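The values are calculated or read from the model by the stated rules, or taken from the named source; none is laboratory data. Since we're looking at a predicted model, the values are computed, not measured. Virtual Cβ from ideal backbone geometry, glycine too; neighbours counted across all protein chains shown. The accessibility values were calculated without ligands, DNA or RNA, using every heavy atom of the protein model including side chains. Shrake-Rupley method; radii C 1.70, N 1.55, O 1.52, S 1.80 Å.
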Amino acid sequence: MLDYIRSILSLVFAVSLMYVFLDCEIKSKKRAYLVGLYIAILVIFNSFILLYWGYPFFMKWYPLLVHFPVFLGFVFISKFKITQVFFILCTFVAVSTSFSMIGLTIAFFLDYTKDAANIICFALYIPTWLLFYKYVRPPFLYMMRTTDKGWLGFSMIPISYSALLYSVGEYNIDDVISKFSVKYGILLFILAFFAYFLILRFFNQSKEKHILQEHQNVLHSEVVAAKLHFKSLEESQEKTLVCNHDMRHHLNLINAFLVDNNNEAAQKYISEISQSIDEATVERYCENYVVNLILYSYIADAKKEGIRVETQINLGEDNSVTDMDLCVIFSNIIENATNASKLLPNPQDRFMKIVCKSKKDKLYIQINNSYHGDVDFKNNLPVSAVKNHGLGTKSIVAVSQKYGGVYSFTAEDGIFTTSIIL
């Protein structure tokens, strides 16, 4: 009976960790029903095999009866590549089978029975699950989201380890006891442990390198945003100084028109001056002075491309997000939206809507824009084949992660939506 319980717990342990390590999320009811049906069919089929041919036969074919269907199931619901799913599967197969080896080793030294080995395995599941979730999952997830290559090579370590353990007794603990060598088992476990230690260390170093690169991208965007800020301010001040300097001449000319009773010329000239003053004034989109300058600059560029821009921005001076980080977000989002929308052949179809609201110390930003063609996604992020493009999206993601926020990018029916909550 304990053998059956150990097998079930081992499967639950591996599948549950795979679910959180692959960051799975079953949103639609249809997909949930399909997953439930798939699980029910597997349980019925494997139960029939177990009852008809017995436990030794079932464990002998366990990789084919359980591991392979689990792999196919996670390929269906996971957002990651097949090689990444395969690596995670092999990893937790190796971890769960290691518990039997650990239990047998401890039981051997304490001169206990097979039941004692099973109980030791039971005691390891929950603490190991929590440790993996807290300390191992973050670097693994980060690497899977940022790295595409090398996963099949990484998989060779758990495959080799699991194959060696399987060759000892084909997952039948009775055969393992009769053939098991403590020295052999300990050596296998130590080799696998240090191999994964090196993998985890590599993942952490790669994560630090990627984060440093993201910070450099953000700093670059902040420098660009600051330059635009000062450029907009400088242009506005220069135009204001010119207007002030020429005001005396304008008034003298208007006075001359009035003296000659040329009211029509005076009114026309006043209209021209008003237009010139309006052009010198930075349009107000929000209460935040610095962000407003950035919005003014980028929205002006969008309007030059014939893009219809609608804004609903409620942003004051005091925010939990720094002005520079807000400038990074808005400048990159609006620039990306402008580049996408201006490609539409018909200017009447070009539009952009910018919404920003704050509520309960949370900032909500959403931009909808038109686009032409198809948008490719990789790990839920839009990608571009153009060299050096895509840095803006990475900067937006880096700022969002800096504040522990959430972000999403979607493209549907000709409308691209960027949503951020900070």
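Observations, loosely collected:
- Cβ-derived FRET efficiency at R0 30 Å, Leu200 paired with Lys378, nearest 0.05: 0.80
- Zone of Glu283's modelled label, taken as backbone nitrogen in the stretch 306-348 under 12 Å from a point 7 Å along Cα→Cβ: 306-312
- Net lengthening on full extension, Gln267/Gln312 (0.36 nm per residue, minus Cα-Cα): 12.7 nm
- Legend: calculated FRET efficiency, Ile44 to Asp301, from the Cβ-Cβ distance at R0 = 51 Å, rounded to 0.05, equals 0.25.
- Model label zone, Ile8; criterion: amide N under 14 Å from point 7 Å along Cα-to-beta-carbon; scope the stretch 23-48: 43-44, 47
- Pairwise FRET efficiency - Leu258 versus Asp413, Cβ, R0 = 60 Å, nearest 0.05: 0.55
- Element breakdown for the stretch 23-71 at a 1.4 angstrom probe: carbon and sulfur atoms account for 74% of the accessible area.
- Modelled spin labels at Lys359 and Lys149, positioned 7 Å past Cα toward Cβ, are 4.6 nm from each other.
- When the trypsin sites (Lys or Arg not before Pro) in the stretch 1-106 are filtered for DSSP coil states and for at most 10 other beta-carbon atoms within 10 Å of their beta-carbon, the remaining sites are Lys27.
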